[in-house]
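Everything on this sheet refers to the single structure shown next.
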Amino acid sequence: MDEIVLNIPGKPIAKKRHRIVHKTGHIYDPNAKDTARVITQCLIPQSRGYEIFTGALFVKFEFVFKRPKSHYGTGRNKDKLKKSAPVFCNVVQDFDNLEKFVCDAMNTVIYGDDRQIVQSMTWKRWGSVARSLITVRQLEE
């Protein structure tokens with residue numbers, strides 16, 4: 001196995017900080033439900049006989065966000081982008097928090113630990129369907 005490509009449907013999720021309930025002192029993870037959903041998607045390659053990666057890895061992250069309706073015209077132009085619609089997707093979550101969430105969810109499922117990632121490439125873009133496309137590739141030693 002040299003490479004795995006994951007297509008995780010739904011709006012890309014950013015890593016949130018743990019929260020504390022001040023009355024009880026209880027600490028909880030606000031990402032717990034979302035992490036479970038991503039782990040389920042990550043387990044699909046294993047169900048097809050893939051093994052966990054060992055060694056150095058390259059990971060490509062592509063986070064696709066659905067354009068809001070305000071980017072489109074109205075009436076007969078409802079399917080056309082406005083000239084004022086932004087080209088770059090720079091108004092949503094920070095890319096490093098998006099990466100962090102996916103990397104943590106893939107720990108012990110796709111690879112042993114995210115310390116194995118030695119090189120990555122990330123971009124956010126607009127698209128018609130929200131999803132995260134993740135490619136994990138084993139690097140030659």
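Confirm whether residue 132 is more than 23 Å from residue 68 (Cβ to Cβ) and among the hydroxyl-bearing types (Ser, Thr, Tyr). Considered against the rule, which asks whether it is more than 23 Å from residue 68 (Cβ to Cβ) and among the hydroxyl-bearing types (Ser, Thr, Tyr), residue 132 comes out as no. Taken over the stretch 91-117, the residue count meeting the criterion of being assigned to a helix (DSSP H, G or I), of a type in the set (Val, Ile, Thr) and surrounded by fewer than 16 Cβ atoms within 10 Å (Cβ to Cβ) is 0. If you check 125, 137 for being of a type outside the set (Ser, Thr, Tyr), in contact with a strand residue (DSSP E or B) (Cβ under 7 Å, 6 or more places away or on another chain), part of a strand (DSSP E or B) and surrounded by 14 or more Cβ atoms within 10 Å (Cβ to Cβ), only one passes: 137.
Per the listing 75, 55, the residue uniquely on the phi > 0 side of the Ramachandran plot and in contact (Cβ under 8 Å) with a residue 40 or more places away in the chain is 55. Taken as a whole, the structure places residue 34 among residues that are surrounded by 12 or more Cβ atoms within 10 Å (Cβ to Cβ), acidic (Asp, Glu), in a helix (DSSP H, G or I) and modelled with pLDDT under 90. Here the stretch 56-79 is the region considered, the condition is being among the hydrophobic types (A, V, I, L, M, F, W, C) and in a strand (DSSP E or B), and the residue that is surrounded by the fewest Cβ atoms within 10 Å (Cβ to Cβ) is 58. Among the residues of the stretch 83-90, not a single one is closer than 14 Å to residue 134 by Cα, in a loop (DSSP other than H, G, I, E, B) and modelled with pLDDT of 85 or more.
The values are calculated or read from the model by the stated rules, or taken from the named source; none is laboratory data. The shown structure was predicted, so the numbers you read here are calculated from the model rather than taken from an experiment. Neighbour counts are summed over all protein chains in view; Cβ atoms, including those assigned to glycine, are modelled from backbone coordinates with ideal geometry.
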